[in-house]
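> Structure in structure tokens, see below.
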Amino acid sequence: MAILKTEHLTYVYSKGTPFEKTAVDNVNLCIEENCMIGVIGHTGSGKSTLIQHFNGLLQPTSGKIYLENQDIWADKSKLRDVRFQVGLVFQYPEYQLFEETVFKDIAFGVKNMNLSESEIKNRVLETAQMLGIASNLLNRSPFALSGGQKRRVAIAGVMAMRPKVLILDEPCAGLDPKGRNLMLKQIQNYQKQSKSTVLLVSHSMEDVAEFTEKLLVMNHGKLFCYEDTNLVFRKAEELQALGLKVPQIASVMEMLRKKGYDLPEDLYTVEQAKIAILELLRKGDISC
């Protein structure tokens with residue numbers, strides 16, 4: 001079942017002026033429930049404009065957006081409820097922290113949902129644990145935390161609302177490799193536990209190769225493709241023509257194939273490559 005659907009979605013900036021630009025052009029999509037989806041595209045491809053339509057931050061110039069088969073713009077008074085169900089975390093969300101304590105910052109959005117105090121507390125504690133935020137940090141000022149900790153607190157504030165769809169715009173921007181991997185594993189665990197749909201906007205092909213099931217690729221405002229991740233990376237030449245790259249490990253595997261090694265064509269993560277190379281070593285088809 002589709003959790004989100006667009007029909008002929010188009011958005012034009014500065015319409016009717018000399019600066020008119022079509023940022024999203026006739027996009028038709030059906031995004032499934034309980035799925036981890038990568039959103040990729042070159043700078044200016046329209047991916048950021050697209051995701052801001054999913055929770056009603058932008059209203060289409062034309063076309064429709066459906067959340068669970070309901071047109072989100074059919075009744076503007078219900079947009080607040082839409083934004084509880086479709087959570088959007090912008091890049092560098094830690095700049096939006098403002099409360100006295102970590103607990104209050106995570107709880108801020110949940111308090112607007114008219115839940116009981118006990119339910120608010122449970123959600124804050126569960127989400128903090130899910131994202132590796134230690135209990136002894138909850139009563140500290142968020143401004144006393146490290147950069148990575150602040151990022152997790154900011155993301156936790158949206159996760160605690162238990163949205164049916166969580167959209168993360170470059171959640172690992174500025175983090176070191178260890179921090180990136182930890183953050184992505186925590187987001188993946190959240191998706192599995194909550195059975196929600198997570199859209200991960202990223203410029204890192206390695207990240208989306210390892211952590212997503214499907215890829216949504218934008219190009220000059222149009223939907224280039226929306227398919228299983230392994231199928232998208234088989235379009236290596238087409239992706240490169242769009243200004244995108246396949247993961248580095250895929251390039252290494254291609255070099256080995258050209259040298260005559262019998263390796264599958266759909267190897268896009270280090271773990272996949274390791275398993276394939278170990279299998280060749282076991283068979284004696286490759287030497288150390």
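The values are calculated or read from the model by the stated rules, or taken from the named source; none is laboratory data. Keep in mind the model is a prediction, meaning the values are calculated, not measured. Cβ coordinates were reconstructed from backbone atoms using ideal geometry, including for glycine residues, and neighbour counts include every protein chain displayed.
> Out of the range 208-236, which residues are of a type outside the set (A, V, I, L, M), touching a residue at least 60 places away in the same chain (Cβ under 8 Å) and at negative phi?
GLU210, PHE211, THR212, GLU213, LYS214, ASN219, LYS222, PHE224, TYR226, THR229
> Answer with yes or no whether LEU57 is of a type outside the set (S, T, N, Q), modelled with pLDDT of 95 or more and either at positive phi or touching a strand residue (DSSP E or B) at 6+ places or on another chain (Cβ under 6 Å) (or both).
In short, no.
> Of the residues PHE90, PHE98, PHE103, which single one is aromatic (Phe, Trp, Tyr) and modelled with pLDDT of 95 or more?
The match here is PHE103.
> Restricting the search to the range 95-107, which residues are part of a helix (DSSP H, G or I) and surrounded by fewer than 19 Cβ atoms within 10 Å (Cβ to Cβ)?
Listed by number, the residues that qualify are TYR95, GLN96, LYS104.
> Report the residue count in the range 244-262 for those that are surrounded by fewer than 18 Cβ atoms within 10 Å (Cβ to Cβ), of a type in the set (A, V, I, L, M, F, W, C) and either in contact (Cβ under 8 Å) with a residue 24 or more places away in the chain or part of a loop (DSSP other than H, G, I, E, B) (or both).
Of the residues in the range 244-262, 0 are surrounded by fewer than 18 Cβ atoms within 10 Å (Cβ to Cβ), of a type in the set (A, V, I, L, M, F, W, C) and either in contact (Cβ under 8 Å) with a residue 24 or more places away in the chain or part of a loop (DSSP other than H, G, I, E, B) (or both).
> Still on this structure: Go over the candidates VAL208, VAL217, VAL198 one by one and state the one that is within 28 Å of ARG162 (Cα to Cα), of a type in the set (A, V, I, L, M), surrounded by 14 or more Cβ atoms within 10 Å (Cβ to Cβ) and in contact with a Cys (Cβ under 7 Å, 6 or more places away or on another chain).
Being within 28 Å of ARG162 (Cα to Cα), of a type in the set (A, V, I, L, M), surrounded by 14 or more Cβ atoms within 10 Å (Cβ to Cβ) and in contact with a Cys (Cβ under 7 Å, 6 or more places away or on another chain) holds for just one of VAL208, VAL217, VAL198, which is VAL217.
> I'm trying to understand the selection: among the residues of the range 111-151, which are closer than 19 Å to GLN193 by Cα and in a helix (DSSP H, G or I)?
GLU119, ILE120, LYS121, ASN122, ARG123, VAL124, LEU125, GLU126, THR127, ALA128, GLN129, MET130
> Would you tally the residues in the range 164-189 being of a type outside the set (A, V, I, L, M), part of a loop (DSSP other than H, G, I, E, B), within 14 Å of the chain's Cα centre (by Cα) and farther than 25 Å from LEU67 by Cβ?
Summing the residues that are of a type outside the set (A, V, I, L, M), part of a loop (DSSP other than H, G, I, E, B), within 14 Å of the chain's Cα centre (by Cα) and farther than 25 Å from LEU67 by Cβ in the range 164-189 gives 1.
> Could you say which residue among GLU206, GLU210, GLU238 is more than 25 Å from VAL89 (Cβ to Cβ), assigned to a helix (DSSP H, G or I) and not β-branched (Val, Ile, Thr)?
GLU238
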